[in-house]
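The values are calculated or read from the model by the stated rules, or taken from the named source; none is laboratory data. Owing to the predicted nature of the structure, the values given are computational and were not obtained by experimental measurement. Cβ atoms come from the backbone with ideal geometry, glycine included; neighbour counts cover every protein chain shown.
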């Protein structure tokens, strides 16, 4: 799920990063939900899910009353609700509407 620019959907390793992304999206775009990089897109039957950069999904998450990416027949992606910061799962292919996302571009060694 790499982007043309050499980046990928953002990895969110902790509550601070999650809160920072919510604040930045509210400030710069407005009140919209947005994708982050936690998904099972590479392998829909991968019950643990993984980050778009290939890292295994471990540690922090902000799912509430919603399962973590797991065993699904279709790929699911993680969306952050900008009102409360809660993470939700949605099918990666949405019909209609604009889907926003937060991407990261890794530092390149010089």
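Checked across the stretch 6-15, the condition of being at pLDDT 70 or above, touching a strand residue (DSSP E or B) at 6+ places or on another chain (Cβ under 7 Å), outside any loop (DSSP other than H, G, I, E, B) and on the phi < 0 side of the Ramachandran plot holds for at least one residue.
Residue count for the stretch 56-80 under the criterion of being part of a loop (DSSP other than H, G, I, E, B), over 9 Å from residue 40 (Cα atoms), in contact with a strand residue (DSSP E or B) (Cβ under 9 Å, 6 or more places away or on another chain) and modelled with pLDDT of 65 or more: the result is 4. Of the residues making up the stretch 28-40, those that are surrounded by fewer than 18 Cβ atoms within 10 Å (Cβ to Cβ) and modelled with pLDDT of 80 or more number 5. Does residue 43 qualify as being at pLDDT below 90, surrounded by 15 or more Cβ atoms within 10 Å (Cβ to Cβ) and in a loop (DSSP other than H, G, I, E, B)? Here the answer is no, as residue 43 does not meet what is asked.
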